[in-house]
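The block underneath contains the structure these notes are about, expressed in structure tokens.
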Amino acid sequence: MTCHTGTISERSGAITRRLEHFPNLVTMFFTRAAEKGDAPFLWTKRDGAWRATSWREAAETVARLAAGLRAIGLERGDRVMLVSENRPEWCLSDLAIMAAGCVTVPTYTTNTERDHAHVIENSGAKAVIVSTDKLARTLMPAILRSIRPQMLIGIDPMRLGQTPIEVHDWRALIERHPAEVGAAADRAAAELSRDDLACIIYTSGTGGAPRGVMQHHGAILHNVNGCIVIIAEDFGWDDEVFLSFLPLSHAYEHSGGQHLPIGLGGQIYYAEGLEKLASNIEEVRPTIMVVVPRLFEVLRTRITKGIEKQGGTPQKLLRLALEVGSKRYEGRLGLRDRPAALLVDTLFKRKIARKFGGRIKAMVSGGAPLTPEVGVFFQSLGICFLQGYGQTEAAPVISCNRPSAGLRMDSVGPPLAETEVRIAEDGEILVRGELVMRGYWRNEAETARVLKDGWLHTGDIGELDERGRIRITDRKKDLIINDKGDNVAPQKVEGMLTLQPEIGQAMIYGDRRPHMVAVLVPDPEWTFDWARAQGRRDPMTPDDPAYRAALQAAVDRTNKDLSVTERVRRWIVADEPFTIENEQLTPSLKIRRHVLRQVYGARLDALYGG
């Protein structure tokens, strides 16, 4: 067994002095609000202009809303479900729920009625805060079928008609219940400890029903401190600006996109949506962004295609940047390469940097594994790219790449400060520290399965390199074992397939089978361009010979870099893209293998017949 423990560096006393040992998340917020005063905190776009809520205004709202929640009957330990898109009211509601001594239960806006019903029943939520009338209409049938929630609080005006439960107006609660910020801060400091339950976050799950992960205040605070150490030591701690666009109901955005900025005393801008993300980045000019690998893959494709369409000098500069970047990453950049590197750094990278706002310190990828080639691509363009690793069960960050540890795209960096990582005999990654959850809500059997002697059994397979960096090889439960007993890591193969411009998404299949087969989702932009180049106006069909030949060429290119056991021998085209809406993707954009096997299993099995 190998073991490594992350520790706070001794080389910066100023950093460690600023890492206060807060008793809870609410106290951290009120402390920062007192320090920052009228400085901007939460930003949202209204009527075409970005408008800010100051730290002082936010603190007053949290104190008053917490008083309002207590006034309508919520008591210490009550669960409050929160259903909202990313907006300032999400953050303020979350903090107020905790300030009232209650427990936040974040829920995805993409949830179906069945999903909502499961969370309501399992969590035993006493109240629900919902942002819009549209979201309430999906939620209400689940509420009415349950005996659990006694009240609904609408952030925007609600048109619900007759209903047997209490309905309250979010803003009216705030207006009717004045409260002193200082008194609210004192109460939180006195009544809430790091061991108290802060939230129950339901894992979106790549298989089975979502489980409620019990995250205590100390777990998230542990994450915040560990990430602040990296920012402060490797980049310098300034007035940080975050652009929030991943769902706040996901643990990654909840800790990294909300509580980390609070810990830093930073600003949070709420993106208008994925379709406007590129323009929002240029407007907001963030210093740190929390992202998922799928976004990087999409951005890589768009950047490459955009530059290739320009042709000429931009296309040559991109190729030169990738060549220089690859050599730099591998430590092969020699004296002869210096003129090319200078040209790339002065002409090309500055233009790319402006597209990302011009002051980005790092883009941090997490939530799913990333293909190393994608990371090297962005490093070559001058974007500092850090891959992190974690699980909801660890609040969720366990480790993160950092320049001072030596950036390797095939690793996810060393563990966070005060985080212990061990590799078990079978290769499973085990984690111990304050970041580890208390267990799954009302699920003792699953809790006992993953928590043993204080160690979180992650279900991930990996190793620690000579510098203490974690390298993930695959999910323990996702390993495909063929009919000869050979192991195949599906995420590696799928990642390599989707590097091909022809393939947008992929899932491979082959457990107890002689070879691998796959479901492919052709890239829609490539399909359009290919059809136009062929002079075709009719929609492509999966059995079109020329279309299949072009896709097969992409599979063949991938197979050249795979072992015999990993190679994809046959494949089918998916009926539709994998999406959150059809439940083939989780909200963090990981494929749901069990759903895809249900949809395509018979057709994939048929590929072995001939």
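Laboratory data are not the source of any read-out in this text; all were calculated from the coordinates shown. Keep in mind that this is a model prediction, so the values were computed, not measured. Cβ coordinates were reconstructed from backbone atoms using ideal geometry, including for glycine residues, and neighbour counts include every protein chain displayed.
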Between 0 and 90 degrees, rounded to the nearest ten: what's the tilt of helix 181-191 against the longest Cα principal axis of the chain?
80
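How would you classify segment 136-258 from its alpha-carbon gyration tensor, with a ≥ b ≥ c the square roots of the eigenvalues: rounded for a/c under 1.5, else prolate if a/b is greater than b/c, otherwise oblate? Don't jump to the answer; show the numbers that get you there.
Values: a/c = 1.95, a/b = 1.45, b/c = 1.35.
Note, shape of segment 136-258 comes out prolate.
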Could you tell me the largest-minus-smallest coordinate of the C-alpha atoms of segment 480-606 on each of the three principal axes, in descending order and whole angstroms?
47, 33, 26
Treating each Cα of segment 524-579 as an identical point scatterer and ignoring solvent, apply the Debye formula and state log10 I(q)/I(0) at q = 0.31 Å⁻¹.
-1.30
When the Cα centres of segment 17-90 and segment 565-610 are compared, how far apart do they sit, in Å?
42
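Can you tell me, using C-alpha contacts under 8 Å and at least 6 residues apart, the relative contact order of segment 480-606 as a whole percent? Working shown, then result.
Working: 171 pairs, mean separation 31.3, N = 127.
The normalised contact order for segment 480-606 reaches 25 percent.
Where does the charge balance sit around LEU277 when Lys and Arg score +1, Asp and Glu -1, over other residues with C-beta under 15 Å from its C-beta? All intermediate terms of the calculation are to be shown ahead of the outcome.
Numbers: positive: LYS45, LYS276, ARG285, ARG294, ARG300, ARG302, LYS355; negative: GLU85, GLU253, GLU272, GLU275, GLU282, GLU283, GLU297.
Charge balance in the 15 Å sphere: 0.
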Ranked from highest to lowest mean number of other Cβ atoms within 10 Å per residue, what is the order of the peptides 405-418, 39-52?
405-418, 39-52
Beta carbons within 10 angstrom, averaged per residue: use that to sort the peptides 459-471, 278-290, highest first.
278-290, 459-471
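Over segment 343-468, what is the relative contact order in percent, taking alpha-carbon pairs closer than 8 angstrom and at least six residues apart? Don't skip to the end; give the middle numbers.
Details: 180 pairs, mean separation 22.0, N = 126.
After rounding, I find 17 percent.
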State, as an integer percentage, the relative contact order of the chain based on alpha-carbon contacts under 8 Å between residues 6 or more apart.
13
Give a residue-ordered list of calculated ³J(HN,Hα) values for segment 491-498 (Karplus: 6.51 cos²θ - 1.76 cosθ + 1.60, θ = phi - 60°; whole Hz; x for Gly, Pro).
5, 5, 5, 4, x, 5, 4, 7
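Sorting check: for 600-609, 498-507, which peptide has the highest mean count of neighbouring beta carbons within 10 Å, and how do the rest follow? Before the final figure, lay out each step's value.
Numbers: 600-609: 13.8, 498-507: 21.2.
Per-residue mean Cβ counts within 10 Å order the peptides as 498-507, 600-609.
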When the helix-only estimate is applied to the chain (DSSP H runs of n ≥ 4, each -39,500 (n - 2.57), divided by the residue count), what is the mean residue ellipticity at 222 nm, nearest 500 deg cm²/dmol?
-11500 deg cm²/dmol
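Let a ≥ b ≥ c be the square roots of the eigenvalues of the Cα gyration tensor of segment 262-337; is it rounded (a/c under 1.5), or, if not, prolate (a/b larger than b/c) or oblate? Please list the in-between numbers first.
Values: a/c = 2.69, a/b = 1.57, b/c = 1.71.
Because a/c hits 1.5 or more and a/b fails to exceed b/c, segment 262-337 counts as oblate.
Within 12 Å, Cβ to Cβ, of LYS560, how many net charges do the neighbouring residues add up to if Lys/Arg are +1 and Asp/Glu are -1? Mind dumping the intermediate values first?
Details: positive: ARG557, ARG567; negative: ASP556, ASP561, GLU566.
Once positives and negatives cancel, what remains is -1.
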Nearest 10 degrees, 0 to 90: what angle lies between the long axis of helix 113-123 and the longest principal axis of the chain (Cα atoms)?
50
Please list, or write none, the aspartates and glutamates whose alpha carbon is within less than 12 Å of the alpha carbon of LYS45, excluding same-chain residues fewer than 8 places away.
GLU272, GLU283
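So, counting K/R as plus one and D/E as minus one, what does the shell of residues with Cβ under 11 Å around ILE155 add up to? Numbers along the way, then the final one.
Numbers: positive: ARG87, ARG171; negative: GLU85, GLU89, ASP133, ASP156, ASP169.
Spelling it out: positives minus negatives among the neighbours equals -3.
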Taking a virtual spin label 7 Å from the Cα of ARG56 along the C-beta vector, which residues in segment 173-202 bring their backbone nitrogen under 15 Å of it?
181-182
Measure out, as a whole number of angstrom, how far apart the alpha-carbon centroids of segment 320-375 and segment 111-184 sit.
47
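Taking every DSSP beta bridge that has both residues in the chain, what percent is antiparallel when rounded to the nearest 5? Provide the component values of the computation, followed by the final result.
Numbers: 43 of 80 bridges.
Of all bridge pairs located within the chain, approximately 55 percent are antiparallel.
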Does segment 329-387 come out rounded, prolate or oblate by the C-alpha gyration tensor, with a ≥ b ≥ c the root eigenvalues, rounded set by a/c under 1.5 and, if not, prolate when a/b is larger than b/c and oblate if not?
oblate
To two decimal places, what compactness ratio does segment 259-394 give when its Cα radius of gyration is scaled by 2.2 N^0.38 Å?
1.12
At 0.36 nm per residue, and after removing the present C-alpha to C-alpha distance, how many nm does the segment from THR579 to ILE147 gain when stretched out fully?
152.3 nm
Angle between the Cα long axis of helix 545-559 and the longest principal axis of the chain, 0 to 90 degrees, nearest 10?
80
On full extension of the chain, what length is gained from VAL298 through ASP538, given 0.36 nm per residue of separation minus the C-alpha to C-alpha distance?
83.8 nm
Treating cross-link reach as a plain straight distance, find the aspartates and glutamates whose alpha-carbon is under 12 Å from the alpha-carbon of LYS492, omitting any fewer than eight places away in the same chain.
GLU373, ASP410, ASP474, ASP478, ASP561, GLU566
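Per the Kirkwood definition applied to all pairs of different Cα atoms, how many angstroms is the hydrodynamic radius of the chain?
On the way: mean 1/r = 0.0390 Å⁻¹.
Kirkwood radius, the chain: 25.6 Å.
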Hull shadow area, averaged, segment 32-85 [alpha-carbon convex hull, nm²]
5.2
Label point 7 Å out from GLU444 along Cα-to-Cβ: which residues of segment 109-152 have amide N under 20 Å?
122-124
Mean projected area (nm²) of the alpha-carbon convex hull when segment 378-501 is viewed from all directions:
10.3
